[in-house]
Amino acid sequence: MYTFQKKPKKQDIIKENIEEQKYFFLERAEKLENSFYESFFEHSIENAVADAYEIFLETKTEYNYFEQQLPTLDKEKGKRFLKLVAIYHSIRLSRIKRRKLRWREMKRNLYYVFQLNDTEKKLADVLYGCAKSGESCFSDLFAKTTARYVFGSLTLSPFSLAFIENFCYNSFNSFMASFTKYLSVNVRLKRAAS
């Protein structure tokens, strides 16, 4: 007998495959002893989930790479999305505050919270090295890495590449705007050191 299976709503795809994946990472972030890193990663996770709803569902443009990939989204891809957004936020903030934030300490906490495997650790280090070389090189490589590692896309159109780069840039800016709304990064770092 044939049973009819209802097609999941788009919001349910994001909820199940990205939003519900966040709780594991949030629990690990709460275990961090350093209050700066705890709040940084909690905020990064929550921001990534909000970004996912916006970029997969609400951004209606002809070349929305993420909307095109929505039918293939599963739990593993959702975890990878959260991890890569956190890697991006970590690298960008480490570069901006390089005199006050050391990449070695940032990545140790990143590895712990997101339980990065060896491949993901290598990706983070390569991407950080690229960010040290230049912003345009980093943006390009990060967009290609996101498409390949999260969705398995081996090639990208120039439009998709630009769309992913723009998403990452805007994601970081909105993350920083909300993360520093009441306390600056410098104040957060001072409080954590006390």
Margin query: So Leu57 ticks every box in (1) modelled with pLDDT of 95 or more; (2) of a type outside the set (Val, Ile, Thr); (3) surrounded by 17 or more Cβ atoms within 10 Å (Cβ to Cβ) but one. Which box is left unticked?
Written below: (1)
Next item on the list: Hey, could you check the range 143-162 for residues that are at pLDDT below 95 and in contact with a Phe, Trp or Tyr (Cβ under 7 Å, 6 or more places away or on another chain) and say which is least open to solvent (accessible area, probe 1.4 Å)?
Entry: Ser160
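Could you check how many residues of the range 12-45 are open to solvent by less than 80 Å² (accessible area, probe 1.4 Å) and among the charged types (D, E, K, R)?
In the first step, residues of the range 12-45 are kept if they are open to solvent by less than 80 Å² (accessible area, probe 1.4 Å); the result is 12-14, 17-19, 21-22, 25-26, 28-29, 32, 34-45.
Those left that are additionally among the charged types (D, E, K, R): 12, 19, 22, 28, 38, 42.
Residues in the range 12-45 being open to solvent by less than 80 Å² (accessible area, probe 1.4 Å) and among the charged types (D, E, K, R): 6 in total.
Condition (residue is surrounded by fewer than 14 Cβ atoms within 10 Å (Cβ to Cβ) and either assigned to a helix (DSSP H, G or I) or of a type outside the set (Gly, Ala, Ser) (or both)) applied to the range 86-93: is it met by at least one residue?
No, there is no match, as no residue in the range 86-93 is surrounded by fewer than 14 Cβ atoms within 10 Å (Cβ to Cβ) and either assigned to a helix (DSSP H, G or I) or of a type outside the set (Gly, Ala, Ser) (or both).
I need the helices (runs of 4 or more DSSP H) fully contained in the range 96-194, keeping only those with at least 1 residues that are among the aromatic types (Phe, Trp, Tyr) and touching a helix residue (DSSP H, G or I) at 6+ places or on another chain (Cβ under 6 Å).
Working: elements: 103-114, 118-133, 135-151, 158-179, 185-193.
Ranges flagged: 103-114, 118-133, 135-151, 158-179.
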Notebook entry, point to check: Only one of Lys97, Lys83, Lys79 is among the basic types (Lys, Arg), without any contact (Cβ under 8 Å) to a residue 60 or more places away in the chain and open to solvent by less than 70 Å² (accessible area, probe 1.4 Å); which?
Noted result: Lys83
Notebook entry, point to check: Given the residues Thr145, Thr155, which is the only one that is among the hydroxyl-bearing types (Ser, Thr, Tyr), under 25 Å from Glu76 (Cβ atoms) and within 13 Å of the chain's Cα centre (by Cα)?
Noted result: Thr145
Margin query: Quick check on this structure: which one of Leu123, Leu161, Leu156 is farther than 20 Å from Tyr65 by Cα and out of contact with any Pro (no Cβ under 7 Å at 6 or more places or on another chain)?
Written below: Leu123
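The values are calculated or read from the model by the stated rules, or taken from the named source; none is laboratory data. Please read these numbers as outputs of a predicted model, since none were measured by experiment. Virtual Cβ from ideal backbone geometry, glycine too; neighbours counted across all protein chains shown. Only protein heavy atoms, including side chains, enter the accessible area calculation; ligands, DNA and RNA are left aside. Shrake-Rupley method; radii C 1.70, N 1.55, O 1.52, S 1.80 Å.
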